[in-house]
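Okay, so here's the structure we're looking at.
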Amino acid sequence: MYAETTNNYARIEKAIQFIEQNFQSQPDLQTIANHVGLSEYHFQRLFSRWAGTSPKRFVQFLTINYAKQLLTESKSLLETTYETGLSSPGRLHDLFVTHEAITPGEFKRKGAGMMIVYGFHPTPFGECLLAATERGICNLLFVAGSRQRTLQSVIEQWPGAKVVEDGEKTRPFIAQLFSPTAETQFHLYLKGTNFQIQVWRALLKIPAGTAVSYGQLARIMKNPGAVRAVGTAVGCNPVAYLIPCHRVIRQTGGFGQYRWGTTRKKAILGWEAARRYAAPLSPNLAAPGISI
């Protein structure tokens, strides 16, 4: 199922890139379908099945006007979330996330004596590498380039650890993470500075289908002068999607850079937005627990 979804994502990504490059000419469905090598009928079906909405509607989610709307909405939404102590009210999968930072001693040892298992797995947004210790997920990285290059990022982060490939052990995480009915508790085991950990915790408060600016995030953290530092910490996030760094955009409405590619960032934001409007969570599911 997910292998097929990953292959489909390659076409979706190609379509999004084409739309971006030719936006001013407003390409029609046939033109986009031809570019990705499909008939209009099959492209429409593929895109709608993947995104949960039509290509035209999806493009609307990727415009600057829509991005600015999200920023405006988030001013009150994010502040309310923080002030009440609630977790993300629009969390896509009703997930529970427990966040644990390594101790200073463990940081100094750089993972010495620790076993990390990893596997490469297909997802709705392309192939990823998921790595985990007995204490939780330590890395979730989309493959941008080669598998070896992606794996090297894990090895460089944990140079003292024994890193072993075992896709059978990591596959259940992926199946639960991208299941639309998941109600699973995920434990994250992360290595970072105190400031980075604070930023990553803050990211967990941003509801799915919404976005905030770097400045908004800094102000919510009571550190409005640290916008640049916040941006750097966001870019160092070692756990894609679960810690939603893709939900931080520029104040101007521009989507900004993304560690795993700008097109993938737009795809995830559009995918979440489509689900936000197509099937909003019921009141009873509006505030899933995310404990830090």
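The values are calculated or read from the model by the stated rules, or taken from the named source; none is laboratory data. What you see is a predicted model, and the numbers here were worked out from it, not measured in a lab. Counting neighbours? That spans all protein chains shown, and the Cβs are built from the backbone with ideal geometry, glycine included. In case anyone asks, the SASA skips ligands and DNA or RNA and just uses the protein heavy atoms, side chains included. Shrake-Rupley method; radii C 1.70, N 1.55, O 1.52, S 1.80 Å.
What ranking, highest mean first, results for peptides 214-223, 163-172, 149-158, 118-127 when packing means the other Cβ atoms within 10 Å averaged over each residue?
Taking the mean over residues of other Cβ atoms within 10 Å, the ranking is 118-127, 214-223, 149-158, 163-172.
Go through 239-245, 134-140 and give me the packing order, highest mean Cβ count within 10 Å leading.
Highest to lowest by the protection proxy: 239-245, 134-140.
Given a 1.4 Å probe and heavy atoms of the protein chains only, how would you sort 56, 68, 265, largest accessible area at the top?
Order by accessible area, largest first: 56, 68, 265.
Considering the stretch 121-262, what Rg and Dmax in Å follow from its alpha-carbon atoms?
Rg and Dmax of the stretch 121-262, Cα atoms, are 15.4, 45 Å.
Please give me the summed charge of the neighbours of residue 23: other residues whose Cβ is under 14 Å from its Cβ, Lys and Arg +1, Asp and Glu -1.
Net charge in that neighbourhood comes out at 0.
Report the extension gain between residue 64 and residue 257 in nm, rounded to one decimal, defined as 0.36 nm multiplied by the number of residues separating them, less their alpha carbon distance.
Computed gain between residue 64 and residue 257 is 68.0 nm.
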